[in-house]
Structure formats: structure tokens, C-alpha cells
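Contents: one structure, followed by commentary.
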Amino acid sequence: MTQAKDEIKIGGLGASRKRVEDNRFIRGKGRYVDDIVLPGMLHMEILRSPLAHARIVSIDTSKAWAIPGVRLVLTGEMMATRNLAWMPTLSYDTQAVLATDKVRFQGQEVACVVADDPYIAKDACEAIVVEYEALPVIVNPTQAVAQGAPLIRDDKDNQHDNVIYNWEVGDKEATDRAFAQADRVSKLELHYPRSHPSPIECCGSIADFDRSTSKLTVYMTSQAPHVIRAAVALVSELPEHMIRIISPDLGGGFGNKVPIYPGYVMSILASILLERPVKWIEDKTGNLISTGFARDVYLKGELALRNDGKILGVRMHTDADHGAFFSDAQPSKFKIGLMHSAFSCYDIPAAHLTAQGVYTNKAPGGVAYRCSFRVTEAMYFQERMVQAAADDLGMDQAEFRRRNFVRDDDFPHRTPFGFLTDSGQYGKCLDVGLEAIGYADFLREKEEAKKRGRLLGIGISTMTEPLGAGNSREYDILGMKMFDSAQLRVHMTGKAILRTGAKTQGQGHETTWAQIVAHELGMPAEDILVEEGDTDNTPFGLGTYASRSTPVAGAAVAMVSRKIRAKARKIAAHLLEVSEEDIEWELGRFYIRSSPERGVSIQECAMAAYSNMPDGMEPGLENVAYYDPPNLTWPFACYIATVEVDPVTGVWDVLRVVAVDDCGVRINPMVVEGQIMGGLTEAYAMASMQFITFDAQGNCVGSNYMDYLLPTAWETPGYELHEVVTPCPHHPIGAKGIGECATVGGPAAFVNAVMDAVKDTGVRNIDMPLLPDRVYEALTKRHDVSGAPPVKTDD
Ligand code: MCN
Ligand code: CUM
């Protein structure tokens, strides 16, 4: 008890410590890539294709070269002479760095200019004359597989159609049997539209090649600097130890900063050619039309049901629109990410998923946006299907979920598609949520309101999702096994520096990692400086995405602290002149078991490690831990939204949102709540307003913040947060990931709420975003506004 009290005082586990990084962020003192100015630095701008599919007939750069201050103009043809026109993607595909033969999406990189300042570079881009021969355009999976569809990837030797993969998982026969036995089959078709992570800071890099040392330093907006260093070493001829990737402060990542973009590659090449630092900073339109899209997946789903509400089996087919290059960041074994994590919280005997991925004339998609490799789509489909099934059975949606949940005593549990979940209290989370929202009262209120022509609705979304990509047996990216690391150096005076292979983008690692050390070593969190993002002085790690930092790097932080404690214990025995077996530990202090008043602090041990170590002991107090998690972590969430839909206009307002999250032990409850609120806001945005679509010519509609909407404080609903704690059984401090839960589980709660409000009018589905005109169309014209048209023409 007193230990826990002390622990909060020193900023350990469970302390809602204020974020240390905010000291600089709220003062405008963050150091982002664009803040960095190097001596002699040049600036790079990219010329992008206005067309979505066209043959390049010619590129005339002579006028650009003639502009004073222009240092270099690069085209695909010049890149090709160095074998650099194409680069490998994280999904074993290839992607054009600069287009050579064809452009394959609007916004594709065609040429770039390096000049003395960015304005000259931009002007010079406009002076480049490109002659295009337009080709027929494909903007959705139906067109991609249609008879006679133009071949988008004619650059690839064995590619004769636009199909990237066909993939399946689960047990088809068992699933067929389940459907044969069903009393009833519930079906749903949905589209999860394209969305964009849209961090406030766009992507950018500064490459600095120093010929005299042969060292390449790249400042880069990357969530995974070590992966980038390895990738650069593998594709360039530069040796890995001569490459230093530095990710400074990032203005949000949300998945957008996982992939390798042509801009990074070209700035590196330009710096090598010119032997001067070259900076590339993407503008907002460039970011929105060419980088890291997410989603764009179609689903046909079926649930085999028994009349008493038991789900007997599930069938899913998805069509994934990957754009012109298959560049998803995802474990290499899973063609459509972890889509098969669907239905993991439900006890379903049989399941079968088929998936087809196709090329279209759109920017590469599927990077994932605040989602562990397609988990967002999986959970959205799951929770929409569950609600539709409950409605079809005429059963209460909460009761239907409860009947099918995996029970608390059923862990470890093999999910319908083969994952192993290890812990959770699903029913309890649902109960807490229902209680908080006042479920029974709301249902009564809803009935009352209906009598007066008002449409109220309640939507529930419950899910467990796999967070923490690792365990090296099953997960790798480009063959790089997924684990992570932490290095801890405790100085003589008891102050320490902790470095990890992860990379914070706003999640607060500088605050929370220090809390784990404080918990393990009893040193005040403020005595621990956390550094990430510089490959020269952090241990190798796979980076931050898939909410893997706490599950993997965070575990490494605990493990390295324990190594330090083990050494400090030996030093304590030496200082107290007893044998190690007689030593006990309490937060921050070793003492003699038989005389607890005699003890030494961890700080005294640190001093002795440099000044008074036992004979034969290696000096210093420093270590590194590599952590390969035994399993993913499986947090659970229950999100409940209530809404009112205006039947005259289709406008809907959120009344209340209740969130119950179980992410195991919370390191910093305030940071966790911040993650949940941010995630719910993104979920609300996708459900209500966010839409990047393409017209029939492949023009991107949503290339700016007038068309692609971010909710401001005014639109954002209030959130009521609750918690349940089921410690992760295999994580050293019992924590599970939280970074993406609300974005993953949130959308279905909002959509389900609107659907619940309008279902009595016969509406079956409305695809996101639930813009008022779509809701209105559903209420007045058709009952199924689904398979939403990705082709939106002006008429
Ligand atoms: N945490 C905690 N207790 C837990 C779990 C987490 O206190 N039981 C804390 C962690 O210590 C960390 C934060 O919550 O400070 C998020 O931790 P975690 O769930 O491990 O997620 P990551 O740190 O790996 O962050 C990645 C995740 C992803 S994949 C996206 S996308 C996303 C997200 O985080 N992008 C973000 N949240 C974001 N938040 C901000 N501000 N900016 C982004 O770009
Ligand atoms: Cu999937 S977006 Mo986050 O994993 O960086």
C-alpha cells in the first residue's frame, strides 16, 4: 500500500504524470524536420502527374535547368540509368520512384527539382513540360477485374491482369456445415471508404551525404527509423553503419509515416549527387493525394445463426483496392493485414475468409491508419454484421453480443480465424458501458420519442484487437523479425538515459517509458531522460505502429530495468556486506532481510557502480534488452454512442459517447485517456464526414482540408470514459496496447447508432461517411446506401 503511494509520488506506474514533451510542444519549441537548417542546404520539390493513367511520351526539362538557382532536375529516365527508378515496397511489390513508362495514379511523382530555395524549385517544376497520352482509368475493384480492363502494372513480367493476390484463411468445410445447420443467415455488404491519416505535419526529409566521411545522415519523418536504415542499406550500395536515420519530433504519424516514399529516396540521391544537404518538405495536397491512404475495402459478410442467438459460423469475402502499387506495411505472411482478427471476441465455431487484392489507378493504399494492419476494417465489419444479425433475429443487440462473447474462464481462446487470445472480461466491459449510458432508460426514451416522430438510436461496438506486432515466429516485415529493444544507462549520480527502438509521434513515450523505469527501479521518473529516433544511438527496433510500443518496446524497458536491478542487487550486497541471498527489494531500496532498517538506495548503488564496485565486477550500470513477445496483446473495448437523426434533413447529432477500455495495467491513465479521446475523434470523423473519393477520371476528391474534413472542437462530441483492468498475462507489467483501440472500434458505434435510429424505416445499411445527404437518401429513396460509389461524378 505504501509502496503504491510512493510509486505515484515518483511518477511510476499508474501516475497521471504530465507529459514532459509538452514542455517544448506547447511553447512552439518542438524540433521537426522542417525546423532543421543545415549549412549549404538545398531544397527539393516534386512534379506530380495530373492524370491518373497515362503513357509518358516525353519530358522536356530544358526550361527548368535554365532557371537560375536550379541545381538538379531528376526524371525517371535518369533514375533508371542508376537502377533507381523503381524501389521495393514493404509488401514485396515494386513502386516507381519517378515514373518512367507510365503514370499510374494522379499525384504520382514524375520529376523533381533541387534548387537554392523551395520557391525556385517549385517554379522550375512548373517549367517542366510533360507530354502524356491518356489511358483508360480504373478506380474500383469491379472495374479492375472487368473483362478487357486495361493492365495497370504492365511493368511487371508475370502480371497479366490487375489482381495482386487471392488469399483465404479459416476452415471452408466446417463453415459450410455451420451454414447448412443454421436457422437463419444474416447478410450484409459494406464498403469501408478510403481515409487518410493526415497528420498535421506532412512528410519530409533532409539527406546529408558527406563525401569526406562517406556518411549519409537523413533527418526523416519516420515512425520506424531502424527499418528505414536497413532498407536503405539493402537497396543502395551504402554500408549500414554509414547510414544514420534521425527521426526528430514528429507532428503526428498515425501510420502515414511508416512507408518509404519517393521523396525520401530522391532527396538521398540528390544529396549524394550534389554533395550537399537536400531538404524535401511535402505540401498538404501532396500528402493527401499521394501518401499512405488507408482502407478502401469492400465486404460481403454472412453470419450463420441459430434462433436462440448463437452464431454458428461466419463467412467473409473482401475486395481490397490497393491502388497502383501494393505497398501496405504489414507482416509479410498476411496478404490483407490482420483482417482475420475479425470476430476474435466472439466464440464462433467456424469461419472462412477469402480476400482479393487488386491494382487500381489510385495512390498506393492500405498503409493502415491508426490500425494494426487492417484491424480497423475487420472490427468495423464485425460490429456492423453483429448488429444486423441481432436486428434480423429481433434480439436485443447487447444481449446478442453477451450470448456470443468468449467467457472470462475460456482463456486462452483460439479465435475463429486461428489467433490465440489470452485474457479479457468482455461481459463486464459491456455491463459497465450499458450501466454508464443508462441502457434501459434510453430504450424507453427512444420509444417515447418515436411517438413524436423523433429518431433516436443507440450503437454498440465491442471488440478485442491484436496489438503489439511481434513475436518473431509469426511476424516479420520484409523478413525483419518483429521484436524491440531498450537500452538503459544509469549515471553515477542516479540519473539515467533510456533509449528504445520505437519512435514516439505524439503518444508520450518520453513520459511513459520513464514511468516504467520508475516502477522497476524506484528512481523518480523525472530523473530519466528518454530518447528515440536516432539510429546511431538507439538500439535496433521495428518502430512504432500497430500500437506495438507498449507491448514490445515497453516490455523491453521493464526487462532492461530488471537487468539493472539485478546488478544493483549485487552491488547492494557488497555495500551492506551481506550475501546477495539476504537482500530484499522495495521500491527504490535494497535492505537486509533480518534488519530492514539497514539498506541502500538504488542511487547509492549507482554511485558505487562507478566508484566502489565489488572486486571483479565489471564497472558501470548500463544494459540493453531485446524483447520478443510470446504473443500479441488483446485489449478490449466497448464503445456506445447515442444519436438523434433528423428525418427531414438527414443530419444526425451525437447525444452521448461512453467508452469502456480494458488495456490491462495503465502506465499513465491520463495519456491513455488522451489516446482514447483522440481515437474516438478520428472514428467520429470517419463515420460522419471524412471521404477521399475519386471521380471517373481518377481525380482525387479530397486533396485539401476544404474537401477532406477534420473535426474541430466544435464538431467533436464529448466522451465519457470508463475502465476495466485485465492485466496481460505475458507482459512484464501487465500492459496491453491502447493507441488504436478507439479508432478501430469507434466507427461502428457511431454508424450502428444511426442505423438503429433509422432501421424501422427499413434501412439496411449506409456506408461511411454518413453525410446528411446519404442518410436522407436512405430515408427517402433506397434502403441500402451501400457499396458506396467510389466513383463520384459531378452530376
Ligand atoms: N500506454 C499506457 N498504458 C497502457 C498502454 C499504453 O500508459 N496500458 C501509453 C503508452 O506508454 C504510450 C501511449 O499510451 O505513451 C500509446 O501506447 P501504445 O498503445 O503502446 O501505442 P504506441 O506508442 O505504439 O503508438 C502507436 C499508435 C498508433 S499505431 C497510431 S497509428 C497512433 C497512436 O498510437 N498515432 C498517433 N496514437 C497517436 N497519438 C498521437 N498523438 N499521434 C499519433 O501519430
Ligand atoms: Cu496502423 S497506423 Mo499506426 O499502426 O502507425
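Rounded to the nearest Å, what's the spacing between the alpha carbon centres of segment 101-163 and segment 415-449? Just the number, please.
47
Between Leu529 and Met242, what length in nm is gained on full extension when 0.36 nm per residue of separation is reduced by their alpha carbon distance? Working shown, then result.
Details: separation 287, 0.36 × 287 = 103.32 nm, distance 2.64 nm.
Net length gain for the segment: 100.7 nm.
Relative contact order (percent) for segment 148-255, with alpha-carbon contacts under 8 angstrom and 6 or more residues of separation? The partial results should precede the final answer.
Working: 95 pairs, mean separation 23.0, N = 108.
The value is 21 percent.
Cross-link candidates for Lys18: which aspartates and glutamates have Cα within less than 14 Å, leaving aside residues fewer than 8 places away along the same chain?
Glu510, Glu526, Glu673
Asp409: accessible area at probe 1.4 Å, nearest 10 Å²?
Using a 1.4 Å probe on the heavy atoms, I get roughly 110 Å².
Between segment 178-230 and segment 527-581, what is the separation of their alpha carbon centroids in Å?
One Cα centre to the other: 28 Å.
In terms of solvent-accessible area of protein heavy atoms at a 1.4 angstrom probe, what is the ranking of Thr142, Thr500, Thr61, highest value first? List each step's numbers first, then the result.
Working: Thr142 105, Thr500 0, Thr61 25 Å².
In descending accessible area the options line up as Thr142, Thr61, Thr500.
Please report the relative contact order for the chain, taking Cα pairs under 8 Å with a sequence separation of at least 6, and give it as a percent rounded to a whole number. Please report the intermediate quantities before stating the final value.
Working: 2044 pairs, mean separation 125.9, N = 795.
Reported as a whole number, the value is 16 percent.
Enter the accessible area per residue of the chain (Å², integer; probe 1.4 Å; all protein chains in place). Working shown, then result.
Working: 28910 Å² over 795 residues.
That works out to 36 Å² for each residue.
For segment 38-175, which whole percent of the accessible surface, found with a 1.4 angstrom probe, sits on carbon and sulfur atoms?
52
For the chain, rounded, prolate or oblate, judged on the Cα gyration tensor with a ≥ b ≥ c (square roots of eigenvalues), a/c < 1.5 rounded, else prolate if a/b > b/c? Walk me through the numbers before you get to the answer.
On the way: a/c = 1.88, a/b = 1.08, b/c = 1.75.
Oblate shape, in that a/c is at least 1.5 and b/c is the bigger or equal ratio.
Keeping every protein chain in place, order Arg598, Arg407 by accessible area at 1.4 Å, biggest value first, i.e. largest first.
I get Arg407, Arg598, largest accessible area first.
Can you flag which of Lys300/Lys781; Lys257/Lys362; Lys300/Lys736 are past 21 Å Cα-Cα?
Numbers: Lys300/Lys781 23 Å; Lys257/Lys362 19 Å; Lys300/Lys736 31 Å.
The pairs that break the limit, which is 21 Å between Cα atoms, are Lys300/Lys781; Lys300/Lys736.
Looking at the chain, send over the antiparallel percent of its DSSP beta bridges, to the nearest 5.
Values: 107 of 137 bridges.
Around 80 percent of the beta bridges assigned by DSSP in the chain are antiparallel ones.
Are there any trypsin sites (Lys or Arg not before Pro) in segment 57-154 that are in a DSSP loop and have at most 13 other Cβ atoms within 10 Å? List them by number.
On the way: sites: Lys63, Arg71, Arg82, Lys102, Arg104, Lys122, Arg153; in loops: Arg82, Arg104, Arg153.
Listed in order of number, the matching sites are Arg82.
Want the number for Ser212 to Trp714: 0.36 nm per residue separation, take away the alpha-carbon distance, what's left?
Numbers: separation 502, 0.36 × 502 = 180.72 nm, distance 5.45 nm.
Extra length available between Ser212 and Trp714 comes to 175.3 nm.
What aspartates and glutamates sit close enough to Lys102 to cross-link, taking a C-alpha to C-alpha distance under 15 Å and skipping anything fewer than 8 places away on the same chain?
Glu77, Glu131, Glu133, Asp154, Asp155
Excluding Lys451 itself, what net charge comes from residues whose Cβ is under 13 Å from its Cβ, given Lys and Arg +1 and Asp and Glu -1? If you can, show how the numbers build up before the last one.
Details: positive: Arg444, Lys446, Lys450, Arg452, Arg454; negative: Glu445, Glu447, Glu448, Asp760.
Result for the local shell: +1.
Among rounded, prolate and oblate, which fits segment 209-257 when a ≥ b ≥ c are the square roots of the eigenvalues of its C-alpha gyration tensor, a/c under 1.5 means rounded, and a/b larger than b/c means prolate? Don't jump to the answer; show the numbers that get you there.
Values: a/c = 3.48, a/b = 1.79, b/c = 1.94.
The shape class here is oblate.
Per the helix-only calculation at 222 nm, which mean residue ellipticity applies to the chain, given -39500 (n - 2.57) for every DSSP H run of n ≥ 4 and division by its residues, nearest 500 deg cm²/dmol? Can you show the working numbers first?
Values: 20 runs with 221 residues, N = 795.
Dividing the helical sum by the residues of the chain leaves -8500 deg cm²/dmol.
Take the alpha-carbon centre of segment 332-364, take the same for segment 29-81, and report the distance between them in whole Å.
38
Describe numerically, in nm with one decimal, the distance between label points set 7 Å from Cα along Cα→Cβ at Lys172 and at Ala146.
2.8
What is the sum of charges, Lys and Arg at +1 and Asp and Glu at -1, for the other residues whose Cβ falls under 12 Å from the Cβ of Asn361? Each step should come with its number before you reach the end.
Working: positive: Lys102, Arg104, Arg153, Lys362; negative: Asp321, Asp695.
Summing Lys and Arg as +1 and Asp and Glu as -1 gives +2.
Between Val651 and Asp441, 0.36 nm times their residue separation minus their Cα-Cα distance comes to what?
Values: separation 210, 0.36 × 210 = 75.60 nm, distance 2.39 nm.
Fully extending the segment from Val651 to Asp441 adds 73.2 nm.
Given R₀ = 25 Å, FRET efficiency for Ser579-Ser611 by Cβ-Cβ distance, to 0.05? Please list the in-between numbers first.
Numbers: r = 22 Å, r/R0 = 0.88.
Approximately 0.70, to the nearest 0.05.
The values are calculated or read from the model by the stated rules, or taken from the named source; none is laboratory data. What you see is a predicted model, and the numbers here were worked out from it, not measured in a lab. FYI the Cβ positions are ideal-geometry reconstructions off the backbone, even for glycines, and counts take in every protein chain you see. Just so you know, the surface numbers come from the protein's heavy atoms only, side chains and all, with ligands and any DNA or RNA stripped out. Shrake-Rupley method; radii C 1.70, N 1.55, O 1.52, S 1.80 Å.
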